[in-house]
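Remarks on the structure that follows.
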Amino acid sequence: MQTRPRWEILSEAAIEAVIRLCGISAILFVFGIFFFVFREGAGFLFAGFDPKEFFFSPEWYPTSQSRVRYGVLALIAGTVSVTALAMALAVPFGIGAAVFVSEFCGPRWKEGLKITIELLAAIPSVVWGFIGLTVMNPLIMQIFGVPIGLNVLNGGIILALMSVPIIVSIGEDALKAVPDSYREAALALGVTRWQMVYRVLIPAAKNGLLAAVLLGVGRAVGETMAVLMATGHAVTIPSSVMDSVRTLTATVAAELGEAPVNSEHYQVLFIIGILLFTITFIVNLTADLVVRGVRRR
Amino acid sequence: MFQATPFTRRKGYTESVARAVFLFMTVMMVLPLVLVVSYLFYQAWPILSLDFLLEVPRQGMRAGGIWSPLLGTIYLVIISLVIATPIGVLAAVFLNEYARDSWFTRTVNLAVVNLAGVPSIVHALFGLGAFVLFAGLGKSILAASLTLAIMTMPVIIASTKEALASVPMSFREACWNVGATRWQTIRHVVLPNSISGILTGIILQVSRAAGETAPIMFTGAVFYKAIPEGRLFAYGLFDQCMALSMHLFTISTQVPDVPPALPYGTAVVLLGAVLAVNTLAIVLRVYLRSRKKW
């Protein structure tokens, strides 16, 4: 009976420790992100921070000479309006495209369309922002006769195009996960494909589709450069899709460079960061729980 | 032959309507990609040349080329790749080969999903707080690359995990049976057999890292930095740098009176590079899948 050399046992243990450490690192990074963002914002959060003003006042005057005010209601309204419009466009189109790719087209087309979706997802957000600025802006001004085309509509369309790929690919996965026996049973009863999709597949895959929508929302809420460039710079609560707005993410990106380190303004921007982190964390967690619900069944 | 009843006719009619609607929705998704890319190329065509790539920006970025931002992006991508790849691959090895189905494994998986979902601007805040200020790296290429590495790591983890999972269990069992240890099996059987998936992940990481703007804006990238033309090692690890994505943002929003061809050219170079890298990943995947022996 031959035993392993001692160094081999030791190196095995060492490499396993390294691998475990790398596995744990993902958790460390998420905690690290929260910790360091929190750390920078903590100074103001515990001294002088007024949650009532922060959440319910639309007055965002971080550099006012007379009285600074840090109300993010208008910014939240900006994020919500752009995200809502984006989802109103992206959800039907995304789910529709997922159904088409998964159920209506042949294998060759399917492969081609999936590649196209992948490429669409790869376009950098700053390029989308540039498209909003140079293509959509004049287009909106011409079609609707408004003085400026950098508004909720512009940002919403850009964000919709950005979040559609994720909805399609996760939605398609969800439809693929429905067992073929469901399809066979439905088709054996003489239904058409549309009836099968509407009556069998969508109810069976509804959790996966919901997760796809949630991930799309998460993407849209967190998007920064595209909305910074495409929605104009107006801290107002929008009353129509032709109003310019500013989102939470765009505010941080636009003002962090000018706020002196450790000033109140700087710390408030980190508090907005905590808010964004929390929102996307909850959205992603929910999506994950919804998907896990599907798997367990 | 059966005679079509009104019922079957109506059924066939809704079927074709549904088909048309779904097709329309898919086309509406593909069309923008084609239109936008061709429009950008059309606008940028006059300026695209080798000189445009190799000249530094001049006259307050209103003339010249994009050498300095291009070089900066290459630096950022390579350094973030070097940091993210080993950690990402080993994390995937842990998740697929070592971890049992426990609450801990689920937490790690959840953390990976969340890491991918954290908004890019929050990554920027994190990079500023952790690397620039806390670790004392200052605004530098290193701090920006570390931020990018953490941001893009989930891409590598996800595709490596998928590749490892597709290696049949029997391969591992055969290797264990001849007396190999866990790590020897991974090193000599599992990793070589999943190299294509890992490469795909790395390539996708490159494309993601090249396109990001927000995370590097406050951690290392600057509006303008003068570097000598034609030198490959113009930036040091602790220097600030220009980057293509940031340069596009700067010249399209921050600098007045830029000739319109310049931002279009920058956008096309950035977009072209990202799409080319992604196409490479797709080609590689299709090719290696066709050669798979099991």
Handout entry: Radius, Kirkwood style, for region A:221-297 when every pair of distinct Cα atoms is counted (Å)
Key = 14.5 Å
Problem - For the protein assembly as shown, alpha-carbon Rg over 2.2 N^0.38 Å - result: 1.02
Handout entry: Paired Rg and Dmax values of chain B, which use every Cα atom, in angstrom
Key = 24.1, 82
Fill in the blank from the handout: Within the set B:95, B:128, B:50, GNM on chain B using Cα springs under 10 Å gives the largest fluctuation to B:50
Practice task
Evaluate peptide B:85-95: per residue, the Cβ atoms of other protein chains within 10 Å of its Cβ; return the mean as an integer.
Solution key: 5
Fill in the blank from the handout: Charge tally for neighbours of residue B:121 with beta carbon under 14 Å away, counting Lys, Arg as +1 and Asp, Glu as -1, is -2
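Compute the signed sum of charges (Lys and Arg +1, Asp and Glu -1) over the other residues within less than 14 Å, Cβ to Cβ, of residue B:149. Don't skip to the answer; put the middle values down first.
Values: positive: B:208; negative: B:212.
Once positives and negatives cancel, what remains is 0.
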Completion exercise
The long-range amide H neighbours of residue A:245, using H built 1.01 Å from N in the peptide plane and a cut-off of under 5 Å, are A:152, A:234
Handout entry: Neighbouring partner chain Cβ atoms per residue of B:105-114, average, 10 Å criterion
Key = 6
Practice task
Could you line up B:126, B:94, A:46 from fewest to most neighbouring Cβ atoms inside 10 Å?
Solution key: A:46, B:94, B:126
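Suppose we take every Cα in region B:200-294 and form the convex hull; what volume per residue is that in Å³?
Per residue, the Cα convex hull of region B:200-294 comes to 144 Å³.
Counting each pair of different Cα atoms once, what's the Kirkwood radius of region A:167-213 in Å, rounded to one decimal? Mind showing how you got there, number by number?
Working: mean 1/r = 0.0934 Å⁻¹.
After inverting the mean inverse Cα-Cα distance, the result is 10.7 Å.
Expressed in nm², what is the orientationally averaged projection area of the convex hull enclosing the Cα positions of region A:155-285? Mind showing how you got there, number by number?
Working: hull surface 41.1 nm².
That works out to 10.3 nm².
With 28 Å as the limit, write out which pairs from A:206/B:161; B:139/B:161; A:206/B:292; A:110/B:161; A:114/B:139; A:206/B:11 have Cα-Cα distances beyond it, or answer none.
Details: A:206/B:161 26 Å; B:139/B:161 33 Å; A:206/B:292 34 Å; A:110/B:161 24 Å; A:114/B:139 39 Å; A:206/B:11 24 Å.
Those over the limit are B:139/B:161; A:206/B:292; A:114/B:139.
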Problem - Inverse of mean 1/r across different Cα pairs in region A:1-60, Kirkwood, Å - result: 16.1 Å
Problem - Local electrostatic count, residue A:232, Cβ distance below 10 Å [Lys/Arg +1, Asp/Glu -1] - result: 0
Practice task
For residue A:11 and residue A:52, calculate 0.36 nm times their separation in residues minus their Cα-Cα distance, and state this gained length in nm to one decimal.
Solution key: 9.1 nm
Completion exercise
With +1 on the Cβ of every Lys and Arg and -1 on the Cβ of every Asp and Glu, the dipole magnitude of region A:69-296 about its Cα centre, in debye rounded to the nearest 20, is 640 debye
Exercise for the section: Go through B:150, B:168, B:283 and say which Cα lies farthest out towards the positive end of the charge dipole of region B:60-291; charges sit on Cβ, +1 for Lys and Arg, -1 for Asp and Glu. Expected result: B:168
Practice task
Place a +1 charge on the Cβ of each Lys and Arg in chain B and a -1 charge on the Cβ of each Asp and Glu, then give the dipole magnitude about the Cα centre in debye, rounded to the nearest 20.
Solution key: 1000 debye
Exercise for the section: Take the Cα radius of gyration of region B:13-147 and divide it by 2.2 N^0.38 Å, with N its residue count; two decimals is plenty. Expected result: 1.60
Handout entry: Sites residue B:287 and residue A:262 - FRET efficiency at Förster radius 51 Å, r taken between beta-carbons, to 0.05
Key = 0.45
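Can you compute the helix-only [θ] at 222 nm over the protein assembly as shown? Use -39500 (n - 2.57) per DSSP H run of at least 4 residues, normalise by all residues, nearest 500 deg cm²/dmol. Let's see the in-between values first.
Values: 25 runs with 396 residues, N = 591.
Rounded to the nearest 500, it is -22000 deg cm²/dmol.
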Completion exercise
The whole-number value in µm²/s of the Stokes-Einstein translational diffusion coefficient for region A:66-170, with Rh from the Kirkwood sum over alpha carbon pairs at 10 °C and 1.306 mPa s, is 102 µm²/s
Fill in the blank from the handout: Comparing B:111, B:221, B:273 in a Gaussian network model of chain B (Cα, 10 Å), the one with the largest mean-square fluctuation is B:111
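From the gyration tensor of the Cα coordinates in chain A, what semi-axes in whole Å does the equivalent ellipsoid have, largest first, with each one equal to sqrt(5λ)? Mind dumping the intermediate values first?
Details: eigenvalues 296, 217, 60 Å².
Semi-axes, largest first: 38, 33, 17 Å.
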Exercise for the section: For the protein assembly as shown, build the charge dipole from Cβ charges (+1 Lys, Arg; -1 Asp, Glu) around the Cα centre, then report which of B:16, B:245, B:39 sits farthest towards its positive end. Expected result: B:16
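Every number here is computed from the coordinates shown, using simple stated rules; none is lab data. Remember, it's a predicted structure, so these values are computed and weren't measured experimentally. Note that we place each Cβ from the backbone using ideal geometry, even for glycine, and neighbour counts take in every protein chain shown.
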